[in-house]
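Notes to accompany the following structure.
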Amino acid sequence: MGRSKSALPDLTRAIELKPDFLPVSPTLTQTKLLKMLLLSSSHTIPLLFQARLQRGNILLKQGNSQEAREDLNMEQLMRASELEDLQEEAQAAYHQGDYSGTINALEKVIEISPWDPKSRELRADCYIRMGDPQKAIQDLTPAARLSNDNRAAFLKLSLLHYSLGEHHESLKECLKLDQDDKDCFIHYKQVKKLSKLLDSAEESIQQGRHQEAIEKFESAMTTEPNIQFYTNLAKERICFCLVKLQLATEAIDVCSEAHQREPRNANILRDRAEAYILNQDYEKDYSFIGCTLFPQMYPFFGTLAVEDYQEAREFDSDSNTIREGLERAQKMLKISRKRDYYKILGVSRNANKQEIIKAYRKLAQQWHPDNFQSEADKKEAEKKFIDIASAKEVLTDPGQELVLRTEHLW
């Protein structure tokens, strides 16, 4: 295409050097033309005739049927007429809001005129209006290069890449623009700033600086609050960072919000599952205060972790990380559903007999039923007192305590 396009001025110049050359008439049949060429003693006429045909063919491929007509033969003139009818059909459908009909007509137009940037730009506009930016990009990419100066197409192409979250591609297209142009310059600054923030945030994650990465992703959301993709990406990555920082409660909140935005995102489900597992681990720190909420919630969070991992596996069945995470969550859930006497007394699994007895005495004094007045409180205290006594009995029995330790290891 490039050679033929660049040859057009040379062809025109060659034809202008022979102004008395007969134009190709629609009534000139191939037989008459052949007789003229055979009788001609000069090679100029056939060469110029060939130049005219070649120029007409280039103009037709560029969509300039009116300019091409004086150079075309009968067959090509029919194609030019067909092109004009299809162009009118496409324009009529477009003005009526029939974008699907416009695309159908333009497909035939582009078959005849593949080097016509206007037809491709119009079809790209239809794809955008129909919510298919990827196909619009496929048309705008060649259209932007079919004209010597098509800043509008390059800008639209950059904006489309940007809207799809392809900020690196958008930045590449920006570099082809005239940055002195006001609209181009404003867009270029925006893309460059956001791209730098996102790249820097990912670099911080790679270096283990997760709090710093969170701040950069938050800045990215402030920089571009209008395009959903970038907010979704930032929420997903903040969720990941909070898990790495072992901030379980905050991670669950952010991951849940991110999941609402992208329900089929396996990475978000994986990270929220890890946050639920973290929440299980941290509940151990609260058991010493005698609060009944956390022992009850321990298997609940484990169930949620398993459910998230199972759902993540549906969306990404090839991930070894998700498979291993699911196996680990199922194992932890199985352990959590057993009566955790260590948790009841608020001691570690490595606690010795003296530490167990000390914890028992403290909790037994705290939860003795005589310490409570109302009947409901007394019943609750009795349950707790029985649990505490059972825990002390099991954990101070060497045989039973050894079984518990072994179950935990496996």
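The values are calculated or read from the model by the stated rules, or taken from the named source; none is laboratory data. Only a predicted model underlies this, so the values are computations on that prediction, with no experimental measurement involved. Because the Cβ atoms are built from the backbone with ideal geometry, glycine has one as well, and the counts that use them run over all protein chains shown. What goes into the accessible areas is simple: the full protein's heavy atoms, side chains included, and nothing from ligands, DNA or RNA. Shrake-Rupley method; radii C 1.70, N 1.55, O 1.52, S 1.80 Å.
Has region 312-327 got at least one residue that is under 30 Å from Thr396 (Cβ atoms), open to solvent by 20 Å² or more (accessible area, probe 1.4 Å) and modelled with pLDDT under 95? Checking region 312-327: not a single residue is under 30 Å from Thr396 (Cβ atoms), open to solvent by 20 Å² or more (accessible area, probe 1.4 Å) and modelled with pLDDT under 95.
Those helices (runs of 4 or more DSSP H) of region 318-382 in which at least 2 residues are charged (D, E, K, R), considering only elements entirely within it, cover 320-336, 353-366.
Listed by first and then second residue, the pairs with beta-carbon distance under 7 Å, at least 6 apart or on different chains, first residue in region 249-267 and in contact (Cβ under 8 Å) with a residue 40 or more places away in the chain, second open to solvent by 30 Å² or more (accessible area, probe 1.4 Å), are Arg264/Phe315; Ala266/Phe315; Ala266/Asp316.
Restrict the check to region 178-186 and report whether at least one residue is of a type outside the set (A, V, I, L, M, F, W, C) and buried (at least 16 other Cβ atoms within 10 Å of the Cβ). Even if it seems obvious, please write down each step before you answer.
Going residue by residue through region 178-186, those that are of a type outside the set (A, V, I, L, M, F, W, C) are 178-183.
Subsequent filtering for residues that are buried (at least 16 other Cβ atoms within 10 Å of the Cβ) retains none.
No, region 178-186 has no match at all.
To keep it simple, each residue is scored yes or no on (1) in contact with a helix residue (DSSP H, G or I) (Cβ under 7 Å, 6 or more places away or on another chain); (2) open to solvent by less than 50 Å² (accessible area, probe 1.4 Å); (3) under 18 Å from Ala220 (Cα atoms); (4) β-branched (Val, Ile, Thr).
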| site | (1), (2), (3), (4) |
| --- | --- |
| Ala153 | yes, yes, no, no |
| Glu166 | no, no, yes, no |
| Glu173 | yes, yes, no, no |
| Lys192 | yes, no, yes, no |
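Which is at pLDDT below 85 and farther than 19 Å from Glu274 by Cβ, of Leu345, Leu363, Leu404? Break it down stepwise before answering.
Details: Leu345 fails: at pLDDT below 85; Leu363 fails: at pLDDT below 85.
Matching residue, one of Leu345, Leu363, Leu404: Leu404.
The number of residues in region 352-396 being over 55 Å from the mean Cα position of the chain (by Cα), under 14 Å from Tyr341 (Cα atoms) and open to solvent by 60 Å² or more (accessible area, probe 1.4 Å) comes to 2.
Does Ser158 satisfy being open to solvent by less than 40 Å² (accessible area, probe 1.4 Å), free of Cβ contacts under 8 Å to residues at least 24 places away in the same chain, out of contact with any Pro (no Cβ under 8 Å at 6 or more places or on another chain) and not aromatic (Phe, Trp, Tyr)?
On the way: open to solvent by less than 40 Å² (accessible area, probe 1.4 Å): yes; free of Cβ contacts under 8 Å to residues at least 24 places away in the same chain: no; out of contact with any Pro (no Cβ under 8 Å at 6 or more places or on another chain): yes; not aromatic (Phe, Trp, Tyr): yes.
So Ser158 fails the test.
Looking only at residues of region 254-279 that are open to solvent by less than 50 Å² (accessible area, probe 1.4 Å) and among the polar types (S, T, N, Q), we find that the one that is farthest from the chain's Cα centre (by Cα) is Asn279.
Keeping to region 190-214, report how many residues are under 16 Å from Ile227 (Cβ atoms) and not hydroxyl-bearing (Ser, Thr, Tyr).
We begin by selecting, within region 190-214, every residue under 16 Å from Ile227 (Cβ atoms); these are 190-195, 197-198.
Subsequent filtering for residues that are not hydroxyl-bearing (Ser, Thr, Tyr) retains 190-194, 197-198.
Residues that pass the stated criteria total 7.
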